[in-house]
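Here the structure comes first, spelled out in structure tokens, and everything after it is commentary.
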Amino acid sequence: MSKEEFAKVWEKVLHGIVVICHLSFAIVGVSIGLFNPTPGFCYITPGPYGCQNDPNVTCRFGKTAPYFYEAFAQGWIQLAYVVIIVTNLLIWLFVRRQEKEMEKYKTRSVAAEQLSDMEKKSSYARS
């Protein structure tokens, strides 16, 4: 795949997927009342604020809020870590394969061999 093809087609598709996924999660979260105010900001938490401590107030999503939080907020972060690890591993494997292929072209100069011999004989190098 050429850089031009990636820029023309795939880059736009991938950006569209990311925007659509995030907007759909935000719209679904707001429509079912997942986001509740806390002292600092609105957050995926049982609501209303403090309902877990007050038995007279019923909590929306009292037991399921952590699962929604993982799916709607943390899932993307965990996916990003996986993508970063996999892409770094693929880069490392590519570079390693290239280095192994290039080893057949490696040469060793006479000066390097002489220097190596001098280091072995030198008492200064052993101390």
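The values are calculated or read from the model by the stated rules, or taken from the named source; none is laboratory data. Please read these numbers as outputs of a predicted model, since none were measured by experiment. When we count neighbours, we look across all protein chains shown, and the Cβ atoms used for this are built from the backbone with ideal geometry, even at glycine. What goes into the accessible areas is simple: the full protein's heavy atoms, side chains included, and nothing from ligands, DNA or RNA. Shrake-Rupley method; radii C 1.70, N 1.55, O 1.52, S 1.80 Å.
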Which numbered condition TYR49 misses (of (1) open to solvent by 100 Å² or more (accessible area, probe 1.4 Å); (2) at pLDDT 85 or above): (2)
Extreme residue, nearest to PHE68 (Cα to Cα), among residues of region 1-28 that are of a type in the set (Gly, Ala, Ser) and at pLDDT 85 or above: ALA26
Those residues of region 68-109 which are under 30 Å from PRO46 (Cβ atoms) and either aliphatic (A, V, I, L, M) or open to solvent by 70 Å² or more (accessible area, probe 1.4 Å) (or both), in sequence order: GLU70, ALA71, ALA73, TRP76, ILE77, GLN78, LEU79, ALA80, TYR81, VAL82
